[in-house]
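**Q** Before we start, here is the structure in question, set down as C-alpha cells.
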C-alpha cells in the first residue's frame, strides 16, 4: 500500500530562517541570470559569425530561459520585500501563465 509523504510547509519555518532561504534563492537566481546572459550572448554572436543555425537556436533558447529566470527573480523579490500573500499568489499565477 502507498504511504502518504509528509508535505513540507515553508511557511511553518521561523521567519528568520525563511528570510535567509529567500535571500539565498535570490543570489542563486542572480548567478543563473548572469550565466544565461553570458551563454546567450556568446552563443548568438558565435552563431552569427559562423553562420551556425544550431548555435543561434541555442542562444535564443537561453533567452527564453533568461525570461523565465527573471520572472522567478521578480517573484522572489516580491516575497523578500514582504509582499502580501495576495501579491505573492499573483506573482505565482503570472509565472504559471507565462510558462
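The values are calculated or read from the model by the stated rules, or taken from the named source; none is laboratory data. All values reported here derive from a predicted model rather than from experimental measurement. When we count neighbours, we look across all protein chains shown, and the Cβ atoms used for this are built from the backbone with ideal geometry, even at glycine.
**Q** Among the residues of the stretch 57-65, is any without any contact (Cβ under 8 Å) to a residue 24 or more places away in the chain, within 28 Å of residue 21 (Cβ to Cβ) and crowded, with 17+ Cβ neighbours inside 10 Å?
**A** Within the stretch 57-65, not a single residue is without any contact (Cβ under 8 Å) to a residue 24 or more places away in the chain, within 28 Å of residue 21 (Cβ to Cβ) and crowded, with 17+ Cβ neighbours inside 10 Å.
**Q** Let me ask another. Kindly indicate whether any position in the stretch 23-30 is surrounded by fewer than 13 Cβ atoms within 10 Å (Cβ to Cβ) and at pLDDT below 90.
**A** Yes.
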